[in-house]
Amino acid sequence: MSRPRRERASGWGNTAFGMALIAPSLIGVVAFLLAPVVLVLGLSLFDWRLLARPEFIGLANYQDAFGDPTVGHSLLVTVLYVVISVPGTTVLSLLFALLVNRQLPGMHLARALLIIPWMATPVALGLVWSWIFDPARGSINVALDLIGIDGPAWLSDPRLALPSVAAVHIWQFAGYNMLFFLAGLQNVPLSLREASALDGASSVRHFFSITLPLLRPTMLFVLITNVIGSFQAFDTIFVMTEGGPGNSTEVITYLIYHKAFRSFDFGYAATLSVILFVIILLVTLVQFSYFERRANYEMH
Amino acid sequence: MSAPLRRRTFLIGCAGTVLATGAACDRAGGSSDGKVELVYRLWDEQQQVGYTKVFESFTAENPDITVRMELLPYGEYWTKLTTELAARQGPDVFWLTVDAFPDLVGGGVLAPLDEELKAAGIDLASYHPNVVECYSHEGKQYGVPKDLGVVGLLYNADLVEKSGVSVAEDLTWATDGSGSFLDLARALTVDKQGRRADESGFDPKAIEQWGFCSWNHGQTQWMNWAASNGGVVQAEPYGPVSYTSPEVLAGLTFGHDLVFTHHVSPDGTRTNPPSGQATEMFYRGEVAMYPANNALLPYALDEVTFPIGVAAMPAGPQGRTVVINGLAEVVSAATSHPEQAAALVTFLASEKAQRLMGDAGYVIPALEGAGDGYAAYWKAEGVDVQPFLDSAAGATINMPIAAGWTGRLPEIERAANDLYLDARPPADVAAQMEQLANDA
C-alpha cells in the first residue's frame, strides 16, 4: 500500500528537485527573455509616455510607423550597414581562417589576437575607435598626415560615418567568425586536396570548386548569425556617433533607443522593435530556404 | 530517507534566499535612532565638490539629516531618473531643467513646496523671476530656484589678439548681415592661404579658422537670434510655440546664413548634435567666438590652452535679449522623508547656501544680488564675467515650457539640424519645428 505512494511522492520530489535546479536559468529566461517579448508585443498597442498612463490605441503606432520618414530612413541606413558589414565580415573571416589554418609559426598567437576584438567590451572598443578616427589627433589621420594626405573627418562626414562604423563592426567580428570557418576547414579531408592536385587543379580552383562548397553549412551559419547581428548593431554606434552626423548612422536599433529613452515614447519604440523582429525573421527564412536547396554536402 | 530531507532543506534554502533578496531590495534611508540619509542627485562633477561644503553646513544645522550625493552623467541622468520616478523610486531631492519640468509635474512625481517655503520664510520674489516661473505650475511652486545659466559670448583671446582686432562690449547684428559682430567674425575667419574672410581672394571652401560657431543649439544660439530680433517663440508658459513668425524665422535664418552666406562658421556636418564637435572645435582653437551658458566656463578653462574672454551676446535689431536656463532643486513626491527633504531644499534656497556655491565660482545664484561673489571669484582667476551678470539683469527669455516637451525637443532638434546642413529652405524647417512643437 505504502510503497507506490512513497514512490509517487519521491517521483514528485525528483521533479521538484529538478525544477529547483533549473529554476535559476528558467527564471532568467522567463523574466529577461520571454516576458519582455510578450510585453513589447502588448506595449506596441499602447501610447505610453512613461510618466503618463498607458492608453490603448490599437494599431495606430503601426500606422504612424509606416508613414514615418525617419523610420524609412533608419531602415535604409540599417540595410546599408548590413550590406557593408556582412560581406566584409564573411570574406575577412574566411581569409583569416585560411591563413591561420596553415601550419606556420606564430599562428596560435595570431588566432588569439584575432579573437580579442570580439571578447572586448563593445563600449570600450567604440571609445578607442573614436579616438583612432579623431580628425585632428586620431592615429589614422596622423599616419596619413605623415605621408602628406589630409585625412577626412571619418565620423563627422555624413558620407564616411556609416562605412567607418561598419568597418569597426567588421574588425570586431571577423576573428570570431574565423573560428567557425576554421572548424569547417579542419573538417575538409586532406585526401580531397591530394585528389584534386592529382587531377591538376590549382589551389585557387581547389578552393572555389572543393573547399567553398564543402563550407556551405558553415557559411549558412555565419551568414545568418551575421545578418541578425548586423541588424541589431547598436553599442559601438551608440558610443561612436549616436546616430549622427545628422541621422546618417541612425540604424533602426538606435532609433528605437532614441524613441524609448530620449523621447520616452515607449509604445512607439515597442512598435519599431516588433517591426525589426519581423524583418529579421523574414530575412532569416529566406536565407534558410536558399541554403536548404543548395547545401547538402554534409561530410561524414 | 536522508535524500528527501536534503532536498527539502535545499528547497527551503532556495525560498529563503529569494525572500532575503527581496528584503534587501526594500530600500529605506531611515533608521531607528531618528537619523535620516537623503539622496541628492546631480550631474555636474565640479559642482559636486562645492555641494560637499554646502551639505556639511546643512548637517551642522540639522544633525539628524545627512545627504548622500549621486552623480550621473547628463546623458544617463534623464533616462535613469525618469524610469525610476515612473516606478515611484529614485532620489529624494534632485536637479531639474525646465525642459523636463512639465512632464514630471504632469506625471505627479514632484512635491509642491509652497507651504514649506512659506514656513521657512523664503520669499520667491527675491529670486530671478525667470527661474521661479520655470518651476511653477497651476499656481504652485515645485522647484527651489538654484542658479541661472545665462548666455554670453566666449572668445579665444589669443586668436583675437593675433588678428589685431578687439571684441567690443556692444556688438550688433542685423538680418541683412550688417553690424559689428559679423565684421568681427569675418576678420577672425581665415582660409588655408591665410586670407581673412574680409579680404579679396578668400576661399570659403578651404577655411582653417572660423570666426564664429553657428550650430544647432536652441539655448545658446537660435533662440537668442530670434529673441533679439523681436521674435517671440512662446508668449507664456504652456502656450503655443511659434518658429514661423517673421521675426523668429529671420533669427533661425541668420543662424543658417552665418554658415552658408557669410561663411564665418563651420557647417552641421561638424557641429550637428548629437555627435557634433562644436564645443570641442572652440576648445581646439578652430573657432574664435563661441556662445555659451556661463556654466560651461569652468569646463572650458580645463580644456583650453588659451585665455578665454567673455563678452555679451551681440545686440540684434530689437536690442539684446538672451536665454536664461535656470536650474531648480525639486523634491520627489515618492520620498519617504518629505519633512527632511523640505528642510534640505529650503536650506539650499537660503542666502547662505546660494552664496557658498556662488562665491566659489560654481554658479550664478538664482538669489538676486548674490552674484558679486561669483564675479569676484572669476576676476581672481583672470576672467571678467560681468557680461554674464549684466545680461542676466537685462532682457531675458526662458526656454519653452510645454507639456510633453521632453518627447518633442529631441524631434525639434533633429529637424533643426537641417538648417545647418542647408538641406532645405529655413522656412520649411521652421514649419516642421512648429508642427512638432504643437501637434498633439
* To do: Pick out, from A:ASN61, A:HIS108, A:PRO87, the residue whose Cα sits farthest towards the positive end of the charge dipole of segment A:1-123, with +1 on the Cβ of Lys and Arg and -1 on the Cβ of Asp and Glu.
  => A:HIS108
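Counting only DSSP beta bridges with both residues in chain B, tell me the antiparallel percent, nearest 5. Show your work: numbers first, answer last.
Working: 32 of 47 bridges.
So the antiparallel bridges amount to about 70 percent of the total.
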* Asked: So if R0 is 51 Å, what FRET efficiency would B:THR305 and B:GLU236 give, r being the distance between their Cβ atoms, rounded to the nearest 0.05?
  -> 0.70
* **trypsin sites (Lys or Arg not before Pro) within segment B:268-327, DSSP loop, no more than 16 other Cβ atoms inside 10 Å** => B:ARG284
* Structure fact -> Contact order relative to length for segment B:352-397, counting C-alpha pairs under 8 Å separated by 6 or more residues, stands in percent at 26
* **Inter-chain shielding of B:73-80 (mean C-beta neighbours from other protein chains, 10 Å cut-off)** => 2
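Can you pull the mean other chain C-beta count within 10 Å for peptide A:259-266?
6
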* To do: Only Cα pairs under 8 Å and at least 6 apart count here; give the relative contact order of chain A as a rounded whole percent.
  => 28
* Asked: In peptide B:274-284, how many Cβ atoms from other protein chains are near each Cβ within 10 Å, on average?
  -> 4
* Electrostatic dipole magnitude of chain A [Cβ: Lys, Arg +1; Asp, Glu -1; Cα centre; debye, to 20] -> 1180
* To do: Whole number in Å², please: accessible area per residue of chain A, 1.4 Å probe, ligands, DNA and RNA not counted.
  => 56
* Asked: Let a ≥ b ≥ c be the square roots of the eigenvalues of the Cα gyration tensor of segment A:61-294; is it rounded (a/c under 1.5), or, if not, prolate (a/b larger than b/c) or oblate?
  -> oblate
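For segment A:106-186, state which trypsin sites (Lys or Arg not before Pro) are in a DSSP loop and have at most 16 other beta carbons lying within 10 Å of their beta carbon.
Sparse-neighbourhood loop trypsin sites (Lys or Arg not before Pro): A:ARG137.
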* Structure fact -> Counting only DSSP beta bridges fully inside the protein assembly as shown, the antiparallel percentage to nearest 5 is 70
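As a check on your grasp of the helix formula, calculate [θ] at 222 nm for chain A: sum -39500 (n - 2.57) over DSSP H runs of n ≥ 4, divide by the residue count, round to the nearest 500. Can you show the working numbers first?
Values: 14 runs with 211 residues, N = 300.
Dividing the helical sum by the residues of chain A leaves -23000 deg cm²/dmol.
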* Tensor-based shape of the protein assembly as shown (alpha-carbon gyration tensor, a/c under 1.5 rounded, otherwise prolate or oblate) -> oblate
* To do: Sum -39500 (n - 2.57) across every DSSP H segment of at least 4 residues in chain B, then divide by the residue count to get the 222 nm mean residue ellipticity, nearest 500.
  => -12500 deg cm²/dmol
* To do: Extending each Cα 7 Å along its Cβ direction at B:GLU37 and B:SER178, get the distance between those two points in nm, one decimal.
  => 6.5
* To do: Assign unit charges at the C-beta atoms only (+1 for Lys and Arg, -1 for Asp and Glu), then state the dipole size of segment B:184-312 relative to its Cα centre in Debye, rounded to the nearest 20.
  => 160
* To do: List the relative contact order of chain B as a percent without decimals, with contacts defined as Cα pairs under 8 Å and 6+ residues apart.
  => 24
* To do: Taking the dipole about the Cα centre of the protein assembly as shown, with the C-beta of Lys and Arg at +1 and of Asp and Glu at -1, give me whichever of B:VAL49, B:ALA392, B:GLY164 is farthest to the positive side.
  => B:VAL49
* Structure fact -> A student applying the Cα gyration tensor rule (rounded when a/c is under 1.5; otherwise prolate if a/b is larger than b/c, oblate if not) would label segment B:246-334 oblate
* Asked: Which of the trypsin sites (Lys or Arg not before Pro) across segment B:138-220 are loop residues per DSSP, with 14 or fewer other Cβ within 10 Å?
  -> B:LYS192, B:LYS205
* Asked: Taking both sides together, what accessible area is buried at the A/B interface, probe 1.4 Å, expressed in Å² and rounded to the nearest 100?
  -> 2300
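Express in nm, to one decimal, how much length is gained between A:ALA197 and A:ARG159 on full extension, taking 0.36 nm for each residue of separation and deducting their alpha carbon distance. Write out the running numbers ahead of the final one.
On the way: separation 38, 0.36 × 38 = 13.68 nm, distance 4.66 nm.
Gain on stretching A:ALA197 to A:ARG159: 9.0 nm.
Helix check for chain B. Which DSSP H runs span at least 15 Å along their own axis by Cα, with a mean Kyte-Doolittle hydropathy no less than 0.0?
Counting only whole DSSP H runs, the qualifying helices are B:2-25, B:246-260, B:338-349.
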* **Fully extended contour minus Cα-Cα distance, from A:ILE115 to A:SER139, at 0.36 nm per residue** => 6.4 nm
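The values are calculated or read from the model by the stated rules, or taken from the named source; none is laboratory data. The shown structure was predicted, so the numbers you read here are calculated from the model rather than taken from an experiment. We place every Cβ from the backbone using ideal geometry, glycine too, and count neighbours over all the protein chains shown. Just the protein is used for accessible areas: all its heavy atoms, side chains included, with ligands, DNA and RNA removed. Shrake-Rupley method; radii C 1.70, N 1.55, O 1.52, S 1.80 Å.
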